[in-house]
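Right, one structure below, let's go through it.
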Amino acid sequence: MDVLHNKQVLCVEAINVPLAARGVDYSLTLPHVSYLRVGSLYPLQLLFQCLQKFHPSSTVRQIRLHIKSYSTNSTDPNKKGTMRAWQIHQYGGNEELTLSDSVTIPKIKDPRGILINIHAASINPIDCHMRAGYGSTAMNAIRQKTIFPTNGGEFPLILGRDFSGEVVETGRDVRKFQRGDEVWGTVFASKQGCLADYTIAQEHEISLKPSIITHTSASSIPYVACTVSAAFTEFGGLRENSLKDKRVLIYGGSGGIGTFAIQLMKAFGAEVATICSTDAVELVTSLGADVVIDYTKQDVRQELANMEKFDIILDSFGKEKTGYSMEFLKSSKCNDSKYITLKHPFLKNIDDYGIPVGLLRSLSDAAIDISLGLRKGISHRWAIYLPKGKALERYAKLVDDDQIIPVIDKVFQFEDVPSAFEKVEQGHARGQSQ
Ligand SMILES: NC(=O)c1ccc[n+]([C@@H]2O[C@H](COP(=O)([O-])OP(=O)(O)OC[C@H]3O[C@@H](n4cnc5c(N)ncnc54)[C@H](OP(=O)(O)O)[C@@H]3O)[C@@H](O)[C@H]2O)c1
């Protein structure tokens, strides 16, 4: 079956063999189900039910599906119905990335789905981790809706989590967006990604993109923005207006997460200290960091010990590297200070032990972190990326008001995606690669 677009309909033609006809075939076009609207494709079961109802003596032998086009104002994304996409067919290194130009353009199956023509996408560390299989057990469980997922069904898998592009088609329940809207957003890790010409996102995963920046610049922001937003709000329990004058320490100020988090915290009125290496000091200062520690030249622990204590620490490296820093948070009986970490074993435990045991281990690991925090009078939180169209809407405004600028390390051509993976994998990012 070819790809379906707006206002095209799927023609269903049933060929049946009445028992009495002794092998003589004839075609029957069922009036009630011959034209099924795209996006509300009934299961074939319904067709069989109708056949039985109207022609109880018949035996369905074959059902032909074909597409009929009508005069339409749809933007036919691609007459061939295919697109380019970077896929992997198994987990592994960069050699697993293959570019195909004959991937079927995804179809909207969910009424809240939105088909987006991607103009630019960015590469995050998560893409390198996912390429290697990280998180695959949990993602397969979500795909298959089971706690004992099987492997392999996810391939070929398109990687890439954030993008900027244009709406081509919307599901029937989409209210906020229409064809032609310029949007930015993320696609959740259990779905096919956006290193492709087209992707399907859900209404809650996207917002209108900032108007003053290009798609290339815009695509550098959504994944890190949604992660930082989730870390501070859903997991950290903080609100925009509760951050004013708070002292925030951000590890890894020069990377994708850090460059966004510094700017967001400054936009919300916080006082920001960050840690980075020498060549990034100028960059993070220009983004608004009030205090910068160069970890290649300074003794970070000593420097932090000399400072006034912090209200919040955003840690993207994990306790092996940063565990000591809890002592630099303000301590209180109400555990108001927050140690929010993006590096924890939640998905790895599930990869290593399966869902039930992995979840139990994560619960126990998190409980140890929480109790460690409680003893020090702070609140210890694990955080993960969450899709957040609403937050992106807010951040688009901050970009348009020049309070947040995209920080782009290097731009690669679509054909050169493996080089972008290599770059991200080497670390030392200065903002995003796309
Ligand atoms: N849990 C989640 O859902 C989630 C979501 C997003 C990201 N993350 C994690 O968060 C981390 C950061 O993500 P990202 O997108 O910002 O990565 P990134 O763009 O690769 O940036 C990491 C930055 O950290 C710097 N760095 C390395 N060692 C450092 C140290 N000891 N002190 C200070 N800075 C150091 C690196 O620069 P130099 O080495 O040149 O100094 C680099 O700029 C990654 O580990 C990622 O996996 C987790």
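The values are calculated or read from the model by the stated rules, or taken from the named source; none is laboratory data. Predicted model only: the values in this text are computed from it and were never measured. Note that each Cβ is placed from the backbone with ideal geometry, even for glycine, and that neighbours are counted across all protein chains shown.
Does the range 351-367 hold any residues that are surrounded by 15 or more Cβ atoms within 10 Å (Cβ to Cβ) and not aliphatic (A, V, I, L, M), and which are they?
First, pick out the residues of the range 351-367 that are surrounded by 15 or more Cβ atoms within 10 Å (Cβ to Cβ): 351, 353-355, 358-359, 361-362, 365-366.
If the condition is that a residue be surrounded by 15 or more Cβ atoms within 10 Å (Cβ to Cβ) and not aliphatic (A, V, I, L, M), then Asp351, Tyr353, Gly354, Gly358, Arg361, Ser362, Asp365 are the ones that fit.
When the residues of the range 154-175 are narrowed to those that are of a type in the set (Gly, Ala, Ser) and not in a strand (DSSP E or B), which ends up farthest from Lys107 (Cα to Cα)?
Going through the range 154-175, the residues of a type in the set (Gly, Ala, Ser) turn out to be 160, 164-165, 171.
Next, only the ones that are not in a strand (DSSP E or B) stay: 160, 171.
On the way: Gly160: 18, Gly171: 10 Å.
The qualifying residue farthest from Lys107 (Cα to Cα) is Gly160.
Name the single residue, out of those in the range 221-264 being buried (at least 22 other Cβ atoms within 10 Å of the Cβ) and of a type in the set (S, T, N, Q), that is nearest to Gln403 (Cα to Cα).
The selected residue is Gln263.
Which of the residues belonging to the range 305-363 are within 18 Å of Tyr295 (Cα to Cα) and of a type in the set (Lys, Arg)?
Lys319, Lys321
Just for the range 331-342: of the residues that are at pLDDT 95 or above and not hydroxyl-bearing (Ser, Thr, Tyr), which one is farthest from Ile147 (Cα to Cα)?
Per the criteria, the residue is Lys338.
Being in contact (Cβ under 8 Å) with a residue 12 or more places away in the chain, among the charged types (D, E, K, R), within 16 Å of the ligand (Cβ to nearest atom) and part of a helix (DSSP H, G or I), is that true of even one residue in the range 92-100?
Applying the first criterion (in contact (Cβ under 8 Å) with a residue 12 or more places away in the chain) to the range 92-100 yields 92-94, 96-100.
Checking which are among the charged types (D, E, K, R) leaves us with 96.
The next check asks that each one be within 16 Å of the ligand (Cβ to nearest atom); those that pass are none.
Looking through the range 92-100, none of the residues is in contact (Cβ under 8 Å) with a residue 12 or more places away in the chain, among the charged types (D, E, K, R), within 16 Å of the ligand (Cβ to nearest atom) and part of a helix (DSSP H, G or I).
Can you confirm whether Gly377 is in the same structural domain as Gly256 (by TED's automatic domain parsing), part of a loop (DSSP other than H, G, I, E, B) and either modelled with pLDDT under 95 or more than 16 Å from the ligand (Cβ to nearest atom) (or both)?
On the way: in the same structural domain as Gly256 (by TED's automatic domain parsing): yes; part of a loop (DSSP other than H, G, I, E, B): yes; either modelled with pLDDT under 95 or more than 16 Å from the ligand (Cβ to nearest atom) (or both): yes.
Yes.
For the structure I just gave you, tell me whether Ala383 is farther than 18 Å from Ala121 by Cα, within 16 Å of the ligand (Cβ to nearest atom) and touching a residue at least 40 places away in the same chain (Cβ under 8 Å).
Values: farther than 18 Å from Ala121 by Cα: yes; within 16 Å of the ligand (Cβ to nearest atom): yes; touching a residue at least 40 places away in the same chain (Cβ under 8 Å): yes.
So Ala383 fits the description; yes.
Between Leu372, Leu392, which is over 30 Å from Thr278 (Cα atoms) and crowded, with 21+ Cβ neighbours inside 10 Å? Even if it seems obvious, please write down each step before you answer.
On the way: Leu372 fails: crowded, with 21+ Cβ neighbours inside 10 Å.
The conditions single out Leu392.
Does Asn151 count as polar (S, T, N, Q), more than 21 Å from Asp416 (Cα to Cα), touching a Pro at 6+ places or on another chain (Cβ under 6 Å) and away from the ligand (no atom under 15 Å from the Cβ)? Break it down into steps so the answer makes sense when it comes.
On the way: polar (S, T, N, Q): yes; more than 21 Å from Asp416 (Cα to Cα): yes; touching a Pro at 6+ places or on another chain (Cβ under 6 Å): no; away from the ligand (no atom under 15 Å from the Cβ): yes.
Taking the combined requirement at face value, the residue does not satisfy it.
Applying the selection to the range 116-147, what residues are over 17 Å from Glu422 (Cα atoms) and out of contact with any helix residue (DSSP H, G or I) (no Cβ under 7 Å at 6 or more places or on another chain)?
Result: Ile116, Asn117, Ile118, Met139, Asn140, Ile142, Arg143, Gln144, Lys145, Thr146.
Is at least one residue of the range 354-372 within 16 Å of the ligand (Cβ to nearest atom), of a type in the set (A, V, I, L, M) and within 19 Å of the chain's Cα centre (by Cα)?
So far as the range 354-372 goes, no, none of its residues is within 16 Å of the ligand (Cβ to nearest atom), of a type in the set (A, V, I, L, M) and within 19 Å of the chain's Cα centre (by Cα).
With the requirement that a residue be farther than 21 Å from Ala429 by Cα and under 31 Å from the mean Cα position of the chain (by Cα), what does the range 291-312 give you? Before the answer, list the steps.
Pass one, the range 291-312, residues farther than 21 Å from Ala429 by Cα: 299, 301-312.
Of everything in the range 291-312, those that are farther than 21 Å from Ala429 by Cα and under 31 Å from the mean Cα position of the chain (by Cα) turn out to be Phe310, Asp311, Ile312.
Can you say whether Val284 is under 20 Å from Met326 (Cα atoms) and within 12 Å of the ligand (Cβ to nearest atom), as far as the supplied structure shows? Full working, then the answer.
Values: under 20 Å from Met326 (Cα atoms): no; within 12 Å of the ligand (Cβ to nearest atom): yes.
Judged against the criteria, Val284 is not a match.
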